[in-house]
1. Test VAL99 against the stated conditions and say whether it is open to solvent by 80 Å² or more (accessible area, probe 1.4 Å), of a type in the set (A, V, I, L, M) and either closer than 30 Å to LEU175 by Cα or at pLDDT 90 or above (or both).
2. Can you spot a residue in segment 160-172 that is in a strand (DSSP E or B), modelled with pLDDT under 85 and either farther than 15 Å from ALA11 by Cβ or β-branched (Val, Ile, Thr) (or both)?
3. With the checklist (1) among the hydrophobic types (A, V, I, L, M, F, W, C); (2) open to solvent by less than 40 Å² (accessible area, probe 1.4 Å); (3) at pLDDT below 90 in hand, flag the one item MET1 doesn't pass.
4. Restricting attention to segment 81-92, which residues are out of contact with any strand residue (DSSP E or B) (no Cβ under 6 Å at 6 or more places or on another chain), in contact (Cβ under 8 Å) with a residue 24 or more places away in the chain and open to solvent by 30 Å² or more (accessible area, probe 1.4 Å)?
5. Failed condition for GLY36, given (1) surrounded by 14 or more Cβ atoms within 10 Å (Cβ to Cβ); (2) modelled with pLDDT of 90 or more, with all others met?
6. Any chance you could count how many residues in segment 120-136 are surrounded by fewer than 17 Cβ atoms within 10 Å (Cβ to Cβ), in contact with a helix residue (DSSP H, G or I) (Cβ under 9 Å, 6 or more places away or on another chain) and of a type in the set (Ser, Thr, Tyr)?
7. Of all residues in segment 41-68, count the ones that are among the hydrophobic types (A, V, I, L, M, F, W, C), surrounded by 15 or more Cβ atoms within 10 Å (Cβ to Cβ) and part of a helix (DSSP H, G or I).
8. Does any residue in segment 120-148 that is among the hydroxyl-bearing types (Ser, Thr, Tyr) come within less than 6 Å, Cβ to Cβ, of a residue that is not in a loop (DSSP other than H, G, I, E, B) six or more places away or on a different chain, and which pairs are these?
Amino acid sequence: MGEIEDAIARAEQETFTQELPKTLKGQINFLVRQLGSAKAVAQEIGVTADSVNRYRRGARKHPPKEIASKIDGAIRSRWQPGVRKRRRNHAAAVGGVTVETRAQFGYKAPVGTTDDGRFRRLTVHLPATYAQRLFEARDTGASDQEMREIVAEGFKEIYFQDGGSRAVGLSDVFLNDIDYIDFDLK
């Protein structure tokens, strides 16, 4: 996964309305209900079906860190899909997405103006059309670079050009060297 895709996934995971199961036994039981069998859970997390059953019974309470992170990832990907879908649909239709980043922005600007790239820390709310484009790009398997271009286009329109009231001659904005990026679905 790319940086943008990871950030979108984190934003979607923050939409939970109920907490994840806390105990290992509860987590494994949830996965068994979701996947249908201990064997399916074992394949998902990379252990034997016997180990899964030991976790379910409580005979084994502390899996190795690698297995614990796989269990956590499997639960997070399946936890409250309806809540995540509603939040995502709302962001794509009405609310938009807030992007916080520290990255190097480059420009294509008219002669006589500076087009030197520099690091900026920005928090910008992008309208729903950009959220929808980001989700569609991710769902169709777009590259991280393609998703960066969507975010950069949103920054160009909303932040740099302020909806057309300034920097009218600015033709392209490039998002390079991302230090960090975070999304918040609205």
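1. For VAL99, the condition - open to solvent by 80 Å² or more (accessible area, probe 1.4 Å), of a type in the set (A, V, I, L, M) and either closer than 30 Å to LEU175 by Cα or at pLDDT 90 or above (or both) - is not met.
2. First pass over segment 160-172, keeping only residues in a strand (DSSP E or B): 172.
Checking the rest, the ones that are also modelled with pLDDT under 85 come to 172.
With either farther than 15 Å from ALA11 by Cβ or β-branched (Val, Ile, Thr) (or both) added as a condition, the list becomes 172.
So far as segment 160-172 goes, yes, one or more of its residues are in a strand (DSSP E or B), modelled with pLDDT under 85 and either farther than 15 Å from ALA11 by Cβ or β-branched (Val, Ile, Thr) (or both).
3. All conditions are met except number (2).
4. Keep residues of segment 81-92 that are out of contact with any strand residue (DSSP E or B) (no Cβ under 6 Å at 6 or more places or on another chain), which gives 81-86, 88-90, 92.
The next check asks that each one be in contact (Cβ under 8 Å) with a residue 24 or more places away in the chain; those that pass are 83-84, 88, 90, 92.
Answer for segment 81-92, where residues must be out of contact with any strand residue (DSSP E or B) (no Cβ under 6 Å at 6 or more places or on another chain), in contact (Cβ under 8 Å) with a residue 24 or more places away in the chain and open to solvent by 30 Å² or more (accessible area, probe 1.4 Å): ARG84, ARG88, HIS90.
5. Here GLY36 clears every test but (1).
6. 1
7. Result for segment 41-68: 5.
8. Sorted first by the residue in segment 120-148, then by its partner, the pairs are THR123/GLU100; TYR130/GLY154.
The values are calculated or read from the model by the stated rules, or taken from the named source; none is laboratory data. This one's a predicted model, so the numbers in the text were calculated from it and none came from an experiment. Note: ideal-geometry Cβ built from the backbone for every residue, glycine included; neighbour counts use all protein chains shown. Ligands, DNA and RNA are stripped out before the accessible areas are found, and what is left, the full protein with its side chains, is counted by its heavy atoms. Shrake-Rupley method; radii C 1.70, N 1.55, O 1.52, S 1.80 Å.
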